[in-house]
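Let me begin by presenting the structure, written as structure tokens, before commenting on it.
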Amino acid sequence: MSDNQALFERAQAVIPGGVNSPVRAFRAVGGTPRFIQRGEGAYIHDAEGRRYIDYIGSWGPMILGHGHPAVIEAVTAAAREGLSFGAPTEREIELAEEILKLVPSMEQVRLVSSGTEATMSAIRLARGATARSKFIKFEGCYHGHTDALLVKAGSGLATFGHPTSAGVPAEVAQHTIVLEYNNVAQLEEAFALHGKELACVIIEPIAGNMNFVRASVPFMTRLRELCTAHGALLVLDEVMTGFRVGLASAQGLYQKLIPGFKPDISVFGKVIGGGMPLAAFGASREIMKHLAPLGGVYQAGTLSGNPVATACGLATLREIQKPGFFEALTAKTRRLVEGLAGVAKEMGVPFSVDSEGGMFGFFLMDALPQNYAAVMTTDKERFNRFFHGMLDAGVYLAPALYEAGFVSAAHSEADIAATLDAARGALR
Ligand code: PMP
């Protein structure tokens, strides 16, 4: 058995920073990343044989926990039949049918292999369908690492965004307008200035990339109205929220709150692949007809609709539709966050929490923040100490204060109780 530090050093010799996705490196919180050997149910085990209650769940996909028997059976059976064909299969139709049944705002869907690919293609589709170039995104929302989406706000509404990554030319960012989340006045101003040039607005309906911040109902209402009035498409990035906050996803929640609400394009990932590389974007037939091979918007993928990934996604989607699944997951997640808030109150630590379905957020502050700037006022040192206190006690939270947490169907009441005990110790 190797220890985590030895593996980290070995990894750093051959992989930049020792990781294949930056947040795994524990840069924000410090310390040595845990190298995971296996997962079972609600637990992951590291290279040193330590067990953790897992609240990351691969950053969202593992809604059933690790190694769910129905999923493993479906995946191994599919693998025996063939890993990839690069030709259509019936399982792709089944998965598309299943997704469309659950998301009535879409009439057709295209399967891809990552959330990044799906949002990139959704933006291209919106631009192709509207013959416009500019789009709006919101600060604190993450939509994958496409060039035009790695952009932060410029100096004012009349100026365009600046790349947040080296290697992204300023010209690529010049069509991206970055606004503050939940700021209705700024949204109205941006539409007044650029409305007729906007291909789309892309948004995380509940922003899990700034921990857990909901789009307010007035904000979402106005966003839908402005898009419709100006002929811009509303792209809902449900990569994280899709089939995670409820069976009807976040759009289902907003449909209940805003009469007639629906996105023009939706993007899914994570849960629909159940832990295998799979994501999707979809819309009405009218919009999807612009996509190759029907239309001029090009999009493709060697592994798109992969037979093993689709088997994994299908098995996962079938499990989460069983009666009572989301009721139980929602109640359990709520018990966790309310329990954490209770422990913090006992300890006199400022704390606020929110959750929806199996997704949650907590902030070491008295009130829930409404935008990225407010999230970033969190006491980072205090968060890092809390994170390491929990990790030492066998609870694996996201190693950064701007990430959401995830509960799976495999988490038990005993796991929740153990987590609250750990929190009592860590907050002390
Ligand atoms: N959109 C959202 C809302 C996400 O949370 C993520 C990933 N965390 C992505 C897009 C990108 O997905 P992927 O990492 O699969 O490329």
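The values are calculated or read from the model by the stated rules, or taken from the named source; none is laboratory data. This is a predicted model, so every value here is computed, not measured. Heads up, the Cβs are rebuilt from the backbone with ideal geometry, glycines too, and the neighbour counts pull from every protein chain shown.
Within the range 132-144, the residues that satisfy the criterion of being in a loop (DSSP other than H, G, I, E, B) and either within 16 Å of the ligand (Cβ to nearest atom) or not assigned by TED's automatic domain parsing to the domain that holds Y298 (or both) are E139, G140, C141, Y142, H143, G144.
Of the residues examined, I177 is not one that is within 16 Å of the ligand (Cβ to nearest atom) and more than 18 Å from the chain's Cα centre (by Cα).
Given the structure, is M390 modelled with pLDDT of 95 or more and assigned by TED's automatic domain parsing to the domain that holds I44? Yes; evaluated as a whole, the condition is true for this residue.
State yes or no: is K262 basic (K, R), closer than 24 Å to F326 by Cα, assigned to a helix (DSSP H, G or I) and out of contact with any Lys or Arg (no Cβ under 7 Å at 6 or more places or on another chain)?
Taking the combined requirement at face value, the residue does not satisfy it.
Give the range 1-43 a look and list any residue that's charged (D, E, K, R), crowded, with 17+ Cβ neighbours inside 10 Å and assigned to a helix (DSSP H, G or I), or say none.
R24
Of A96, A148, A129, all but one fail to be assigned by TED's automatic domain parsing to the domain that holds H175, in a helix (DSSP H, G or I) and within 15 Å of the ligand (Cβ to nearest atom); the exception is A148. Does N209 satisfy the criteria of being at pLDDT 95 or above, buried (at least 24 other Cβ atoms within 10 Å of the Cβ) and among the polar types (S, T, N, Q)? No; evaluated as a whole, the condition is false for this residue.
With the condition kept exactly as written, say whether any residue in the range 277-296 is within 14 Å of the ligand (Cβ to nearest atom), among the hydrophobic types (A, V, I, L, M, F, W, C) and out of contact with any strand residue (DSSP E or B) (no Cβ under 9 Å at 6 or more places or on another chain). Checked against the condition, which is being within 14 Å of the ligand (Cβ to nearest atom), among the hydrophobic types (A, V, I, L, M, F, W, C) and out of contact with any strand residue (DSSP E or B) (no Cβ under 9 Å at 6 or more places or on another chain), the range 277-296 yields no hits at all.
A Cβ distance below 7 Å, combined with a sequence gap of six or more or placement on separate chains, defines the contacts here; from the range 409-425, residues that are part of a helix (DSSP H, G or I) reach residues that are at pLDDT 95 or above and small (G, A, S) in the pairs D415/A42; I416/G339; L420/G339; A422/A393; A422/G394; G425/G389; G425/A393. If only residues of the range 102-122 that are in contact with a Lys or Arg (Cβ under 9 Å, 6 or more places away or on another chain) and either among the hydroxyl-bearing types (S, T, Y) or part of a helix (DSSP H, G or I) (or both) are counted, the one that is nearest to the ligand (Cβ to nearest atom) is G115.
With the checklist (1) surrounded by 15 or more Cβ atoms within 10 Å (Cβ to Cβ); (2) more than 30 Å from P263 (Cα to Cα) in hand, flag the one item T89 doesn't pass. That leaves (2) as the condition not met. Taken as a whole, the structure places Q186 among residues that are farther than 21 Å from S121 by Cα, assigned to a helix (DSSP H, G or I) and touching an Asp or Glu at 6+ places or on another chain (Cβ under 6 Å).
Exactly one residue among F383, F362 is part of a helix (DSSP H, G or I) and surrounded by 16 or more Cβ atoms within 10 Å (Cβ to Cβ), and that residue is F383.
Report every pair of residues separated by at least 6 positions or lying on different chains whose Cβ atoms are under 7 Å apart, first residue within the range 369-391 and under 20 Å from G140 (Cα atoms) and among the hydrophobic types (A, V, I, L, M, F, W, C), second in a helix (DSSP H, G or I) and modelled with pLDDT of 95 or more. Correct list of pairs: V375/M210. Scan the range 217-244 and report the pairs whose first residue is without any contact (Cβ under 8 Å) to a residue 40 or more places away in the chain and whose second residue is buried (at least 23 other Cβ atoms within 10 Å of the Cβ) and of a type in the set (D, E), with Cβ atoms within less than 7 Å and a gap of 6+ or a chain change. Hits for this filter: L234/D264. The requirement of being more than 18 Å from the chain's Cα centre (by Cα), in a loop (DSSP other than H, G, I, E, B), within 16 Å of the ligand (Cβ to nearest atom) and on the phi < 0 side of the Ramachandran plot is not satisfied by S155. Looking at this structure, is G357 closer than 30 Å to R80 by Cβ, touching a residue at least 24 places away in the same chain (Cβ under 8 Å) and buried (at least 22 other Cβ atoms within 10 Å of the Cβ)? So G357 does not fit the description; no. Which one is surrounded by the most Cβ atoms within 10 Å (Cβ to Cβ) among residues in the range 393-402 that are more than 14 Å from P33 (Cβ to Cβ) and at pLDDT 95 or above? Looking at residues that are more than 14 Å from P33 (Cβ to Cβ) and at pLDDT 95 or above, I get V395. Within the range 63-83, the residues that satisfy the criterion of being under 15 Å from R318 (Cβ atoms) and touching a helix residue (DSSP H, G or I) at 6+ places or on another chain (Cβ under 8 Å) are I63, L64, H68, A70, V71, E73, A74, V75, A77, A78. Of the residues G17, G86, the single one that is over 23 Å from A409 (Cβ atoms) and touching a helix residue (DSSP H, G or I) at 6+ places or on another chain (Cβ under 8 Å) is G17.
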